[in-house]
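Novice: Supplied in structure tokens, the structure appears directly below.
The values are calculated or read from the model by the stated rules, or taken from the named source; none is laboratory data. All values reported here derive from a predicted model rather than from experimental measurement. Note that each Cβ is placed from the backbone with ideal geometry, even for glycine, and that neighbours are counted across all protein chains shown.
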There are 2 protein chains.
Amino acid sequence: MAPRQRVVVVGAGFGGLNATKALRSLDVETLLIERHNFHLFQPLLYQVATGLLDPSQIAYPVRAAVRRARNARVLMATVTAVELDEHLLRTTAGDVSYDVLVLATGSTSNYFGMHELEQRATGLKTLGEAVHIRSTILAALEQATRAADAETRRRWLAFTVAGGGPTGVEMAGAIAELLRHVLPRDYPRLALEDASVTLLEARDQLLATFAPRLGRIAVKTLRRKGVTLLLGREVRGVDEGAVVLHDGTRVDAATLIWTAGVQAAAPSGLDALIRGRSCRIPVTPSLTVPDHPEVFVIGDLAELPYRGEPLPMLAPVAIQQGRHVAAVLTARRRGDPEPPFRYVDKGNMATIGRGAAVAQLGPVHVDGFTGWLMWLALHLVYIAGFRNRAVVIISWAWNFFFFDRSVRLILEPERNSRGKEET
Amino acid sequence: MAPRQRVVVVGAGFGGLNATKALRSLDVETLLIERHNFHLFQPLLYQVATGLLDPSQIAYPVRAAVRRARNARVLMATVTAVELDEHLLRTTAGDVSYDVLVLATGSTSNYFGMHELEQRATGLKTLGEAVHIRSTILAALEQATRAADAETRRRWLAFTVAGGGPTGVEMAGAIAELLRHVLPRDYPRLALEDASVTLLEARDQLLATFAPRLGRIAVKTLRRKGVTLLLGREVRGVDEGAVVLHDGTRVDAATLIWTAGVQAAAPSGLDALIRGRSCRIPVTPSLTVPDHPEVFVIGDLAELPYRGEPLPMLAPVAIQQGRHVAAVLTARRRGDPEPPFRYVDKGNMATIGRGAAVAQLGPVHVDGFTGWLMWLALHLVYIAGFRNRAVVIISWAWNFFFFDRSVRLILEPERNSRGKEET
């Protein structure tokens, strides 16, 4: 008997995790390589960044997530290079060979070559970044309490979010609520009216991937929450505690969160395949790389046209593509023609803070509290891990009814790399 | 009218927090200085270290904790020196003067000058250390899955705890349970019988501060859980992945947790007051420093005799002493004689893992499941913050009924100091 085919999946995001799960019904050996030991529910990162959820509530152990896929093993390692011709991966845990490769390494923040901006701003793609933003926001509040004058205080309390997509809108809304509803009780003596939340967006509208009406609702809702919107303004760089825009305007930003650019994160060795500013890899309708039918690329990393545009970098796309890999491999075994990937658009959603969201489900557009309830239901269905779900519900309910945020910890200043206290 | 007296409390542990709260009924201005923005429920640190609880479940924002003390302000800063003669504190946020000073800076791990040990081992006194231990344990498991041979695997799976007091006993018991009940499901292919948990103690008994019978119960319970006990063995140093004992024995310790020594953590400037190996500061029955009636010292930092021994470094002592500061200051205002501090011993408890604890309440000794229920009730009463309490109950119940641990995240390898991903 021939040895079973070895499928190596790189990345345990929505794409890689669903590919691994779907492969369990095939007669293959699956190896899932992930540099963390957890799957991250990225859409809720902004809630960790604003202290509503704990890291463990949106991170689920990879090994537990694929427990029922008995043909799958997990390797915690970082892939440093792909050798396409040798069917080999270089990893921090040694070389790994494959018969079939599924690349699902996702995306990372894109600072468009502005290195200083990259140093000063924090993206919102990893758990570490979310915890860092939480600490930064709370540390800025502490600094503001001991500011000598109003001007210094105003500068510490300037929170700026760049990027008017769903992440930026959610983040700006969540910070505004934190400042208005939660923190006044912790800082009764601090003049929080000196605080400002600014959202920068290069286009003239928010939520450009949504219907224009929903973008306008987001504008109205954020303004009502006290967020200053600067639309049609491009970020050109940073200057001490401020962001510099294309027209020379300086916007204070003691805390600067960058959601204005994203690019695919391919391991090295694939430079010849990467295309364009977003660094994605064009794939065939079978989700494979041209001339390499044994190499699948899925999720944010894959570029496939859909209604004249590349498919968006969204969890549902990655989930469906992950499952599609198993369908293609099954067809190959049977000698059937490979089924082309067809994206089923289940809609698009964004929250704009407490009790308000916009949702677009094909021709149906929903907003306000109804949108928010839909958002809530959908995320509860999707979020991984039943215990997590129970605790997330409690956290959300607590926040909704008591305007409280449970996780207000500044964790960073005290630690060095070994987790020991610095004096 | 004379300006109100300024009382400065340093440290928001059990002592400082309770002093600040008790001072709210006095006509004084209180300033609470704490280097973190949270109060830490230290007795449950081992549960964070073994993945049962999230950091936020045992850490409560200082500002929220003293919200009802309207005469109190909070300063997040580190005290770098005390200038007793000038009634002045040097802090990372500038100089602070005081009329009355309450020092409640607690204690830290004592490595008895063994610097290499200090580099290799992790204490269990801070939240950062607990999260680091959690990551270390899980990272060792990941290393073990890719070990080339059984010997390498055994070395990675060698977990050693030094110190047979309550913290060491709780920690060893919790790791043994993690290995036996929780991790086998995540690592079905890993030979976890190669794992070892070793508890080292210099004395011939465990829990030396408890009645001997309870120490013997702890020995029996831990042995039943598979913990190797090495009693009467002193740690002399480390040697690569092992601990070296006084008789030359080497004990593998890929993961090494140090609970075998503790010393008071006085800010600098108080060297003349510090006594002995434990670095505590002897105080009068009013809890003040001789010749400095305006300087109170409470909690782990204070040394006061009780039945022939110094009072133990325990939360109830710190809590009672914190409250006593307000009583002394009240007596002074009224011109009454200062009441001497009297410790009310409410008992002593330690858990030895799932459903087992020993408790000593004066002449009453309880163990087993009843002891554990008492431990549970007491900790639920004491733990700060109502929301925390609800979430802690859920986590405990979940763990008890499903043998699961929710928080199995390795958070460290991915982050540099800015919370950004390293490749």
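Novice: Within region A:86-105, can you find the residues that are away from chain B (no Cβ under 11 Å) and not aliphatic (A, V, I, L, M)?
Specialist: Scanning region A:86-105 gives A:E86, A:H87, A:R90, A:D95, A:S97, A:Y98, A:D99, A:T105.
Novice: Could you run through region B:236-253 and say how many residues are within 20 Å of B:G113 (Cβ to Cβ), out of contact with any helix residue (DSSP H, G or I) (no Cβ under 7 Å at 6 or more places or on another chain) and outside any loop (DSSP other than H, G, I, E, B)?
Specialist: The number of residues fulfilling the criteria is 6.
Novice: Out of (1) without any contact (Cβ under 8 Å) to a residue 40 or more places away in the chain; (2) of a type outside the set (G, A, S); (3) within 11 Å of another protein chain (Cβ to nearest Cβ), what's the single condition that is false for A:L53?
Specialist: Unmet condition: (1).
Novice: While we're looking at this one, here's another question. Could you list, in sequence order, all residues of region B:67-78 that are more than 10 Å from chain A (Cβ to nearest Cβ) and among the hydrophobic types (A, V, I, L, M, F, W, C)?
Specialist: B:A69, B:A72, listed by residue number.
Novice: Count, please, the residues in region A:254-287 that happen to be outside any strand (DSSP E or B), touching a residue at least 60 places away in the same chain (Cβ under 8 Å) and in contact with a helix residue (DSSP H, G or I) (Cβ under 8 Å, 6 or more places away or on another chain).
Specialist: Residues that pass the stated criteria total 5.
Novice: Still on this structure, I have one more. Of the residues A:T152, A:T136, A:T108, which is surrounded by fewer than 23 Cβ atoms within 10 Å (Cβ to Cβ), assigned to a strand (DSSP E or B) and not aliphatic (A, V, I, L, M)?
Specialist: That would be A:T108, the only listed residue that is surrounded by fewer than 23 Cβ atoms within 10 Å (Cβ to Cβ), assigned to a strand (DSSP E or B) and not aliphatic (A, V, I, L, M).
Novice: Here is a further query. Which residue, of A:L229, A:L214, is of a type in the set (A, V, I, L, M) and assigned to a strand (DSSP E or B)?
Specialist: Numbers: A:L214 fails: assigned to a strand (DSSP E or B).
From the options A:L229, A:L214, the qualifying one is A:L229.
Novice: Please find, among A:L75, A:L89, A:L52, A:L84, the residue that is under 24 Å from the mean Cα position of the chain (by Cα) and modelled with pLDDT of 95 or more.
Specialist: Of the residues listed, the single one that is under 24 Å from the mean Cα position of the chain (by Cα) and modelled with pLDDT of 95 or more is A:L75.
Novice: Testing A:L200 on (1) over 21 Å from the mean Cα position of the chain (by Cα); (2) of a type outside the set (D, E); (3) not in a helix (DSSP H, G or I), one condition comes back false. Which one is that?
Specialist: Of the numbered conditions (1) over 21 Å from the mean Cα position of the chain (by Cα); (2) of a type outside the set (D, E); (3) not in a helix (DSSP H, G or I), the odd one out for A:L200 is (1).
Novice: Say whether the condition of being in contact with a Phe, Trp or Tyr (Cβ under 9 Å, 6 or more places away or on another chain) and of a type in the set (D, E) is met by at least one residue in region A:288-296.
Specialist: Yes: region A:288-296 contains one or more residues that are in contact with a Phe, Trp or Tyr (Cβ under 9 Å, 6 or more places away or on another chain) and of a type in the set (D, E).
Novice: Please determine, by comparing only the residues of region B:56-66 that are touching a residue at least 60 places away in the same chain (Cβ under 8 Å) and at the interface with chain A (Cβ under 7 Å from one of its Cβ atoms), which one is farthest from B:E170 (Cα to Cα).
Specialist: In the first step, residues of region B:56-66 are kept if they are touching a residue at least 60 places away in the same chain (Cβ under 8 Å); the result is B:56-60, B:64-65.
Checking the rest, the ones that are also at the interface with chain A (Cβ under 7 Å from one of its Cβ atoms) come to B:56, B:59, B:64.
Numbers: B:S56: 20, B:A59: 19, B:A64: 29 Å.
Among those residues, the one meeting the criterion is B:A64.
Condition check ((1) under 17 Å from A:D252 (Cβ atoms); (2) part of a helix (DSSP H, G or I)) across all residues:
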| site | (1), (2) |
| --- | --- |
| A:R90 | no, no |
| A:G113 | no, no |
| A:E118 | no, yes |
| A:A140 | yes, yes |
| A:V182 | no, yes |
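Novice: For region A:120-160, give me the residue count where each residue is within 15 Å of the chain's Cα centre (by Cα) and closer than 27 Å to A:W372 by Cβ.
Specialist: Within region A:120-160, residues that are within 15 Å of the chain's Cα centre (by Cα) and closer than 27 Å to A:W372 by Cβ number 10.
Novice: Looking at region B:298-341, which of its residues are within 19 Å of B:L378 (Cβ to Cβ), outside any helix (DSSP H, G or I) and not hydrophobic (A, V, I, L, M, F, W, C)?
Specialist: Scanning region B:298-341 gives a single hit, B:P312.
Novice: Report yes if some residue within region A:141-154 is under 22 Å from A:T50 (Cβ atoms) and more than 14 Å from chain B (Cβ to nearest Cβ); otherwise report no.
Specialist: Here is the first cut: in region A:141-154, the ones under 22 Å from A:T50 (Cβ atoms) are A:141-145, A:153-154.
Retained after the next criterion (residues that are more than 14 Å from chain B (Cβ to nearest Cβ)): A:153-154.
Within region A:141-154 (the criterion being under 22 Å from A:T50 (Cβ atoms) and more than 14 Å from chain B (Cβ to nearest Cβ)), the answer is yes, since at least one residue qualifies.
Novice: Suppose we filter region A:65-85 for residues that are β-branched (V, I, T) and closer than 12 Å to A:E29 by Cβ; how many remain? Break it down into steps so the answer makes sense when it comes.
Specialist: The initial filter retains those residues of region A:65-85 that are β-branched (V, I, T), namely A:66, A:74, A:78-80, A:82.
Next, only the ones that are closer than 12 Å to A:E29 by Cβ stay: none.
Of the residues in that region, 0 qualify.
Novice: Further, regarding this structure: Keeping to region B:155-172, report how many residues are away from chain A (no Cβ under 14 Å) and out of contact with any strand residue (DSSP E or B) (no Cβ under 7 Å at 6 or more places or on another chain). Write out each step before concluding.
Specialist: Here is the first cut: in region B:155-172, the residues away from chain A (no Cβ under 14 Å) are B:155, B:157-172.
Imposing the further condition that a residue be out of contact with any strand residue (DSSP E or B) (no Cβ under 7 Å at 6 or more places or on another chain) reduces the set to B:165, B:167.
The qualifying residues number 2.
Novice: Can you tell me which condition B:R185 does not meet? The list is (1) over 21 Å from B:S107 (Cβ atoms); (2) at pLDDT 90 or above; (3) facing chain A (nearest Cβ under 9 Å), and all the others hold.
Specialist: Condition not satisfied by B:R185: (2).
Novice: Further question on the same structure: For region A:95-126, which positions are in contact with an Asp or Glu (Cβ under 6 Å, 6 or more places away or on another chain) and either free of Cβ contacts under 8 Å to residues at least 40 places away in the same chain or on the phi < 0 side of the Ramachandran plot (or both)?
Specialist: A:V100, A:S107, A:Y111, A:T122, A:G123, A:T126 - these are the residues of region A:95-126 that are in contact with an Asp or Glu (Cβ under 6 Å, 6 or more places away or on another chain) and either free of Cβ contacts under 8 Å to residues at least 40 places away in the same chain or on the phi < 0 side of the Ramachandran plot (or both).
Novice: Hey, another quick one. Going by the conditions given, is A:T91 buried (at least 23 other Cβ atoms within 10 Å of the Cβ) and within 30 Å of A:Q5 (Cα to Cα)?
Specialist: Taking the combined requirement at face value, the residue does not satisfy it.
Novice: Considering (1) on the phi > 0 side of the Ramachandran plot; (2) buried (at least 19 other Cβ atoms within 10 Å of the Cβ), say which one A:G232 fails and leave the rest.
Specialist: Unmet condition: (2).
Novice: To continue, here is another question. Quick check on B:A121: is it surrounded by 20 or more Cβ atoms within 10 Å (Cβ to Cβ), within 11 Å of chain A (Cβ to nearest Cβ), among the aliphatic types (A, V, I, L, M) and farther than 29 Å from A:V182 by Cβ?
Specialist: yes
Novice: Here is a follow-up. Consider region A:346-375. How many of its residues are in a helix (DSSP H, G or I), crowded, with 21+ Cβ neighbours inside 10 Å and small (G, A, S)?
Specialist: 1
Novice: I would also like to ask the following. Using the structure shown, decide if A:R223 is outside any loop (DSSP other than H, G, I, E, B) and closer than 17 Å to A:A121 by Cα.
Specialist: no
Novice: Please specify each residue of region B:151-189 satisfying the condition of being among the charged types (D, E, K, R) and free of Cβ contacts under 8 Å to residues at least 24 places away in the same chain.
Specialist: Just the residues of region B:151-189 that are among the charged types (D, E, K, R), to begin with: B:151, B:153-155, B:170, B:177, B:180, B:185-186, B:189.
B:E151, B:R185 - these are the residues of region B:151-189 that are among the charged types (D, E, K, R) and free of Cβ contacts under 8 Å to residues at least 24 places away in the same chain.
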